[in-house]
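Below is one structure, written out as structure tokens, with a few remarks after it.
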DNA sequence: GTCTATACAGCGATAGAC
DNA sequence: GTCTATCGCTGTATAGAC
């Protein structure tokens with residue numbers, strides 16, 4: 001079990017360093033020194049750097065799914081979407097310094113033509129699918145995926161410019177605009193198009 | 001003059017490779033082999049990799065300024081903004097493969113804590129300032145910068161998701177949504193708030 | 001399971017011949 | 001202005017002692 005624990009520690013440290021410095025720039029030496037094991041010992045737990053990356057992505061996916069699942073259990077669909085928008089505010093300090101963990105990794109791996117790129121993009125899909133389900137629960141039958149992509153797009157754009165300009169007021173303003181956009185979408189929702197009763201919608205996720 | 005020409009060739013090749021592979025992953029060897037000069041000879045033209053990066057960013061800024069200047073001379077403010085939105089369509093193939101040249105460089109240099117980061121972010125500002133001027137010319141006095149940032153944000157978000165999902169239909173749809181958004185902004189523009197006559201607006205840039 | 005020692009490739013950068 | 005040769009460093013990865 002000590003081995004499993006060390007593996008988890010390495011994964012957690014690598015997760016952080018891949019985020020803060022980028023996958024390529026984060027060296028084995030930097031991870032090993034942070035975990036406080038020797039570089040050689042490293043390879044007992046992971047054979048290659050790509051193996052660590054895969055473990056990090058799997059951890060990120062699991063973390064996000066747990067977060068979204070928690071919201072799905074605690075709130076009705078509309079509020080769940082507002083929780084997603086709220087990530088920009090909650091994490092704004094880290095986003096302004098290092099960008100979005102999902103977007104920056106995906107962009108880096110795309111340039112490297114890295115074999116784990118699809119896995120990294122799956123992280124986007126975790127949010128996309130979850131958002132789509134919330135819009136479906138609200139009754140946006142045919143447009144749910146487009147709406148999910150639109151919200152995801154705006155969160156990526158805000159993260160990119162927040163990282164460049166480090167402007168908290170901009171982030172706040174755009175998060176509010178996203179919330180307003182959601183209001184407008186719901187306001188023009190034709191009530192008859194929903195095949196589910198409001199009660200059934202609540203249960204959906 | 002042959003030296004200047006070689007320098008320009010190196011800069012152009014580095015520009016492309018930095019875009020396609022990322023700054024760190026694009027090695028001297030790869031640039032040299034593309035330019036068809038030896039690695040050693042390289043250092044006659046640029047003493048360090050950072051010098052090449054600075055030259056590349058300066059070139060990108062000059063290129064973009066020329067592009068925007070051309071639009072400013074050819075179209076009225078509203079159409080200029082639509083030209084900006086059109087970049088997403090014009091460059092969609094490259095964006096889907098390599099992402100946005102401005103956003104991906106800025107994100108990479110931010111993680112590397114690179115000294116040229118501010119210079120790279122200046123590329124954002126070229127677009128931001130130009131867009132702000134167009135909104136000002138349209139009469140959006142106090143909101144012009146916020147509107148410019150909003151458009152820039154959306155273009156960054158679209159580029160990020162286009163890169164991940166390589167979905168041309170998504171890009172087309174969101175570009176249209178941006179154009180529609182512009183319509184709506186202009187529709188609610190209070191005509192009295194503009195301090196400039198329509199004629200003077202046309203001349204502004 | 002953890003360590004030291006080391007192989008080997010590739011990087012940015014330099015020196016000096018032509 | 002271009003070349004070859006080479007340095008010093010760091011990167012991933014391996015071998016083998018403890």
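Here, each number is a calculation from the coordinates, and none is a lab measurement. Model, not experiment: these values are computed from the prediction. When we count neighbours, we look across all protein chains shown, and the Cβ atoms used for this are built from the backbone with ideal geometry, even at glycine.
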- Message: Counting only helical runs of four or more DSSP H residues, what would the 222 nm mean residue ellipticity of chain A come to if each run contributes -39,500 (n - 2.57) and the total is spread over all its residues?
- Response: -26000 deg cm²/dmol
- Sort shortest first the distances from residue A:44 to its counterpart in every other copy, using label points 7 Å along the Cα-to-beta-carbon line, and give them in nm. 5.4
- Query: How far, in whole Å, is the nearest Cβ of chain A from the axis relating it by rotation to chain B, and which residue carries it?
  - Reply: A:157, 1
- Message: Need one number: nm distance between label points at residue A:188 and residue B:7, each 7 Å from Cα along Cα→Cβ, rounded to one decimal.
- Response: 5.4 nm
- Message: Explain nothing, just the number: relative contact order of chain B, from Cα pairs under 8 Å at least 6 residues apart, as a whole percent.
- Response: 22 percent
- Message: Only Cα pairs within less than 10 Å get springs; with that Gaussian network setup on chain A, which residue of A:168, A:187, A:12 has the largest fluctuation?
- Response: A:187
- Task: Starting with the fewest neighbours, write out B:150, A:114 ranked by other beta-carbon atoms found within 10 Å of each beta-carbon.
- Result: A:114, B:150
- Item | Separation of the residue B:181 and residue A:62 label points, Cα + 7 Å toward Cβ, nm | 3.7 nm
- Helix A:168-187 versus the longest principal axis of chain A: what angle, 0 to 90°, nearest 10, using Cα atoms? 40 degrees
- Between helix B:77-90 and chain B: long-axis angle, C-alpha atoms, 0 to 90°, nearest 10: 40 degrees
- Note on the structure: Yeah, the protein assembly as shown with a ≥ b ≥ c from its alpha-carbon gyration tensor (a/c under 1.5 is rounded, else prolate when a/b outruns b/c, oblate otherwise) is oblate
- Message: Please arrange B:129, B:11, B:48, A:104 by how many other C-beta atoms lie within 10 Å of their C-beta, fewest to most.
- Response: B:48, B:129, B:11, A:104
- Message: With the label 7 angstrom out along Cα to Cβ, how close does residue B:6 come to the same site in each of the other copies, in nm, nearest first?
- Response: 5.3
- Item | Extension gain (nm, one decimal) between residue B:20 and residue B:37, 0.36 nm per residue minus Cα-Cα | 4.1 nm
- Packing-based exposure ordering (other Cβ within 10 Å, fewest first) of B:155, A:179, A:5: A:5, A:179, B:155
- Item | In degrees, nearest ten, helix B:49-74 long axis to first principal axis of chain B (Cα) | 30 degrees
